[in-house]
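Colleague: The structure is given below, and queries will be raised subsequently.
The values are calculated or read from the model by the stated rules, or taken from the named source; none is laboratory data. Model, not experiment: these values are computed from the prediction. Cβ sites come from the backbone with ideal geometry, for glycine too, and all protein chains shown count toward neighbours.
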Amino acid sequence: MPRNNRPRRRAGDGDEESDLTHLMTGWRRVEHRRDGDWNVQPVSGASAVKEYLCPGCGLVVSPGVAHLVTWRADGVLGDASDLAARRHWHSHCWRIGA
């Protein structure tokens with residue numbers, strides 16, 4: 001089998017702005033609910049390293065548990081404010097609309 005000698009792209013290579021944009025958007029999607037539009041971004045269990053309080057059920061989202069991060073997509077105070085007010089939900093709690 002022939003070798004591929006092309007250089008591989010590394011995480012630190014390339015445009016820093018596009019890397020930051022990719023990190024901020026990830027697998028983010030916008031969901032439309034009765035109270036407005038929400039950015040929803042899944043967090044894998046491997047990436048979940050801190051403990052959070054789920055606003056849906058009031059229980060802890062433990063480290064290592066896959067969950068969702070949500071923030072307003074249509075907030076009036078701007079993107080920075082909306083992102084600062086993001087919350088971590090259990091996937092089930094977000095799905096049932098708690």
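Colleague: Are any residues in the range 41-58 among the aliphatic types (A, V, I, L, M) and modelled with pLDDT under 95, and if so, which ones?
Modeller: Result: 43, 46, 48, 49.
Colleague: Now for a different question. When you scan the range 74-85, do you find a residue that is of a type outside the set (Ser, Thr, Tyr) and touching a His at 6+ places or on another chain (Cβ under 6 Å), even just one?
Modeller: The answer is no, given that none of the residues of the range 74-85 is of a type outside the set (Ser, Thr, Tyr) and touching a His at 6+ places or on another chain (Cβ under 6 Å).
Colleague: Would a scan of the range 62-71 turn up a residue that is exposed (fewer than 12 other Cβ atoms within 10 Å of the Cβ) and either touching a Leu at 6+ places or on another chain (Cβ under 9 Å) or not in a loop (DSSP other than H, G, I, E, B) (or both)?
Modeller: no
Colleague: Please count how many residues of the range 72-89 are in contact with a helix residue (DSSP H, G or I) (Cβ under 8 Å, 6 or more places away or on another chain) and in a strand (DSSP E or B).
Modeller: So the answer is 1.
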